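J.: Here you go, one structure.
The values are calculated or read from the model by the stated rules, or taken from the named source; none is laboratory data. Note that the structure is predicted; figures quoted are calculated from it, not measured. So basically every Cβ, Gly included, is an ideal-geometry build from the backbone, and we count neighbours across all protein chains shown.
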Amino acid sequence: MTTNLHHKHANAAQPQPNLMKIEEDTALIISTSWIPSLPSTDMMDQVLQSVDDYLVGLSPTAPIFVVVDHFPPPTPRALRARTQMKFRHFLKEQYEMDQMHATLDSYVTRLQSKYLIPNPRPIHIIPSVDHWHIGGNVYKAMTLIETHYPRVQYLYYLQHDFRFIRPIPHLDLVDIMRETSSQPPNVDNTQYRGQENNNKTKSQQQVVNYIRFRFRKFEPGPYTTCPMGPVTGDKVTILQKHNTTLFHSSQYSDNNHFVRFSWYKEIFEHLSGATSNRTSADSLKRAPEFPLQFKAMEDCHILGLYTYGKQFGEAPVLEHLDGRKTNENPYNPTQFLGEPVVIFLNVWIPKTEEFVPHELHSRNGMATRLLAEQLEQISKSLGVFGSLGTTVYVTTVENSGLNQTRLQAICDQATSNQIRCILQSHVDEVGMGEINALSNLYHYCHGRGRAAGIPGKESNNHNNKNARVVYLHNTHNNSDDSIYRWRRAITDAVTHQTCLNPPDKTCHVCGLQFVSPPNSPMPFFVDNSFTASCEYIQSLLPPKVFSNQMQQVATEGLRWRHRKRLLLLNKLGDGTLQSLGQGRGFATDHYIGSHPNLKPCDLSMEGSSSAASWQQRGPSSTTEDAFRWSMFPRSEQMEANLSSVPDHIRQDPDQRLRYYRFLPGLLFRYIQLYNSTPPESSWVYQHLPDGTFWREAVQEYGTNVVNVVTDPTFNRTQAVL
């Protein structure tokens with residue numbers, strides 16, 4: 001096999017992809033289907049990466065066909081059971097199936113978005129609208145390969161949860177198949193153990209059609225060799241090519257294998273043969289493993305089955321990721337329904353809004369209507385069963401006209417009686433609203449529910465460490481179109497199931513978008529709306545204490561600036577109340593991102609902290625297509641965007657190692673607030689300039705690190721050379 005034609009035409013004005021296709025002699029088929037971790041593509045990513053890493057000698061342009069199977073239809077027994085179940089259970093089952101269909105569809109979209117791009121190796125995503133099992137989907141892919149890649153003679157079949165972990169000499173396998181199909185047996189390549197008890201000819205024994213790769217240790221067994229039986233006393237055919245050894249086997253498996261294409265297609269066509277009870281198409285809807293294993297046990301010499309391996313006791317060449325046992329699925333209904341959602345909603349109602357008896361909404365304002373709209377959106381985002389058990393604890397600000405009776409009536413109407421709303425507290429002063437609501441959330445996570453006004457929660461025996469809580473507010477209480485879209489995006493994000501149950505459970509806080517230095521001195525989530533683990537909340541200072549501490553941190557930071565230990569730029573707003581986190585309103589924005597141990601994740605694909613892009617989106621665009629979950633920093637954000645930082649700071653180590661929006665200022669605030677520094681694995685060292693230097697300096701100097709590095713006697717220029 002060569003790829004000279006492909007390289008010859010790589011820079012031509014009119015590319016000719018067919019010239020590349022006909023040169024390929026090997027293709028790959030990977031079968032995939034629904035597993036609990038969908039829509040994550042992580043498992044498929046690992047399998048595809050292992051192809052590049054371990055199939056040594058495989059053409060970089062060998063095509064890959066990913067076949068995506070659909071769900072099997074319900075059995076007659078399952079259909080009968082559905083007619084007898086209670087309506088609630090029927091709804092729950094239907095909801096679960098709808099969610100599974102949605103995640104499979106999202107999975108296909110993600111695969112297409114990630115791999116249907118120009119690259120040397122063509123990757124074709126082939127979704128099925130029916131349940132074709134392994135047999136039907138593989139046969140479908142083979143017919144496409146025959147049409148578009150007619151020179152293909154060899155094929156790898158892989159499953160989506162088996163990845164290679166050791167090198168496989170692809171060219172040796174091709175040579176073995178080519179030689180055994182066209183040449184008489186080579187006695188030097190055939191070894192014997194014990195007595196010969198097989199009357200088949202050597203040429204029959206040496207035809208190689210199928211080579212299986214193992215995910216378990218290579219041990220002797222009843223199907224290890226051909227013929228069946230213990231190794232001792234049986235003839236064992238061993239084919240060797242260079243450093244590659246194959247054991248003649250009587251075992252067929254649908255696990256990863258390498259086959260002769262023409263033989264494989266003939267086998268599948270044989271499986272599809274119509275019978276009196278099954279159509280040709282129905283006969284393909286199964287795993288080939290079962291009928292072929294019976295055939296192999298009858299006469300293993302006919303099929304030409306071999307196992308890749310050098311000797312018994314050898315380590316496996318595959319790792320079984322076992323997709324069926326994955327349980328990280330953010331959409332898994334069983335997992336999602338296990339913990340009712342707890343939401344803390346901060347609602348500002350202007351004093352100008354008038355509440356009158358016997359009317360649900362305020363007469364001359366829109367705050368309660370926007371509240372109803374937001375509650376309805378929360379209910380829809382959580383789904384029918386996600387809403388069951390959900391409680392929204394409301395803090396009202398400025399106008400006290402919204403009482404518990406009116407609130408629950410609005411809640412019942414907006415959520416179809418699915419969500420309980422509790423008026424938890426009221427404050428008259430606008431600046432105190434967020435501190436009060438965050439304090440309620442903080443007390444809930446510490447198990448002090450009764451002290452926070454939450455009925456039924458005792459402070460001494462209730463611990464919500466494992467819970468996740470949502471913090472929201474009514475986000476600029478007006479109906480302007482851009483603000484309307486912004487509010488919907490924020491609400492959709494924090495109640496999205498990938499925020500409520502992040503695919504990576506190490507994520508402490510999730511929201512629409514995480515904003516980090518240098519865009520802001522202190523990390524925060526846009527609009528200060530988020531979903532967080534109570535375990536992380538428990539590590540934070542109480543909100544009121546934090547607000548007071550930020551006053552002291554700001555004062556100390558300005559003192560360090562005066563002494564030229566820290567560099568703050570007025571033209572970038574470094575000395576403003578907002579940047580310093582002074583005042584009750586600004587301090588709360590800094591609260592959730594203030595701890596050095598924070599591991600954030602978000603859903604936004606936007607690269608800046610501006611809300612403009614989300615304000616321009618249509619109301620239907622904040623969906624799975626608009627959101628993309630990721631731990632921070634994302635791959636495209638591994639290094640901070642420094643475009644807003646003046647050149648004289650970026651290029652001068654002395655200024656860079658004192659700049660307030662870089663690690664010096666961030667570490668300064670961590671130490672001032674918590675007397676602690678980020679762990680070695682923290683995102684801050686990956687994301688911000690001079691991260692390696694600061695990581696090593698923290699290891700050496702601990703919480704004294706900023707004091708040491710910003711000291712006038714410290715040679716900062718030499719330190720980062």
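J.: Being under 20 Å from Ile537 (Cα atoms) and either assigned to a helix (DSSP H, G or I) or hydrophobic (A, V, I, L, M, F, W, C) (or both) is the filter here; which residues of segment 492-520 pass it?
T.: Ala493, Val494, Gln497, Thr498, Cys499, Leu500, Cys507, Val509, Cys510, Leu512, Phe514, Val515
J.: Looking only at segment 416-432, which residues are farther than 11 Å from Thr390 by Cα, of a type in the set (A, V, I, L, M) and in contact (Cβ under 8 Å) with a residue 40 or more places away in the chain?
T.: Passing the criteria: Val430, Met432.
J.: Can you report the number of residues in segment 73-119 which are modelled with pLDDT under 75 and under 30 Å from Pro63 (Cβ atoms)?
T.: 3
J.: Considering each residue of segment 53-66, count those that are within 21 Å of Ile211 (Cβ to Cβ) and either surrounded by 16 or more Cβ atoms within 10 Å (Cβ to Cβ) or without any contact (Cβ under 8 Å) to a residue 60 or more places away in the chain (or both), and give that number.
T.: 8
J.: Just give me the residues in segment 25-66 being more than 23 Å from Lys285 (Cβ to Cβ), among the small types (Gly, Ala, Ser) and assigned to a loop (DSSP other than H, G, I, E, B), in sequence order.
T.: Scanning segment 25-66 gives Ser37, Ser40, Gly57, Ser59, Ala62.
J.: Only one residue in Ser579, Ser529, Ser539 is farther than 24 Å from Arg695 by Cβ, modelled with pLDDT of 90 or more and among the small types (Gly, Ala, Ser), so which one is that?
T.: When all the criteria are applied, what remains is Ser529.
J.: Please state which of the following conditions Leu472 fails to meet, knowing it meets all the rest: (1) more than 30 Å from Gly365 (Cα to Cα); (2) aliphatic (A, V, I, L, M); (3) at pLDDT 90 or above; (4) in contact with a Leu (Cβ under 6 Å, 6 or more places away or on another chain).
T.: (1)
J.: Determine, yes or no, whether Gln655 is modelled with pLDDT of 75 or more and in contact with a strand residue (DSSP E or B) (Cβ under 7 Å, 6 or more places away or on another chain).
T.: So Gln655 fits the description; yes.
J.: Shifting gears a bit: Taking the conditions exactly as written (free of Cβ contacts under 8 Å to residues at least 60 places away in the same chain and in contact with a strand residue (DSSP E or B) (Cβ under 9 Å, 6 or more places away or on another chain)), does Gln153 satisfy them or not?
T.: When the stated conditions are applied, Gln153 does not pass them.
J.: Which one of the conditions (1) closer than 20 Å to Tyr591 by Cβ; (2) of a type outside the set (Gly, Ala, Ser); (3) not in a loop (DSSP other than H, G, I, E, B) does Phe693 fail to meet, given that it meets all the rest?
T.: (1)
J.: Ser630 fails exactly one of the following numbered conditions: (1) buried (at least 18 other Cβ atoms within 10 Å of the Cβ); (2) at pLDDT 70 or above; (3) farther than 14 Å from Ala493 by Cβ. What is the number of that condition?
T.: Among (1) buried (at least 18 other Cβ atoms within 10 Å of the Cβ); (2) at pLDDT 70 or above; (3) farther than 14 Å from Ala493 by Cβ, the lone unmet condition for Ser630 is (3).
J.: Of all the residues that make up segment 125-149, how many are out of contact with any Lys or Arg (no Cβ under 8 Å at 6 or more places or on another chain), surrounded by fewer than 18 Cβ atoms within 10 Å (Cβ to Cβ) and more than 12 Å from Val68 (Cβ to Cβ)?
T.: Within segment 125-149, residues that are out of contact with any Lys or Arg (no Cβ under 8 Å at 6 or more places or on another chain), surrounded by fewer than 18 Cβ atoms within 10 Å (Cβ to Cβ) and more than 12 Å from Val68 (Cβ to Cβ) number 3.
J.: Additional query: Give the residues of segment 475-521 that are modelled with pLDDT under 90, within 21 Å of Thr41 (Cα to Cα) and polar (S, T, N, Q), sorted by residue number.
T.: Listed by number, the residues that qualify are Gln497, Thr498, Asn501.
J.: Is it the case that Pro502 is touching a residue at least 40 places away in the same chain (Cβ under 8 Å) and closer than 26 Å to Lys465 by Cβ?
T.: Spelling it out, Pro502 is indeed touching a residue at least 40 places away in the same chain (Cβ under 8 Å) and closer than 26 Å to Lys465 by Cβ.
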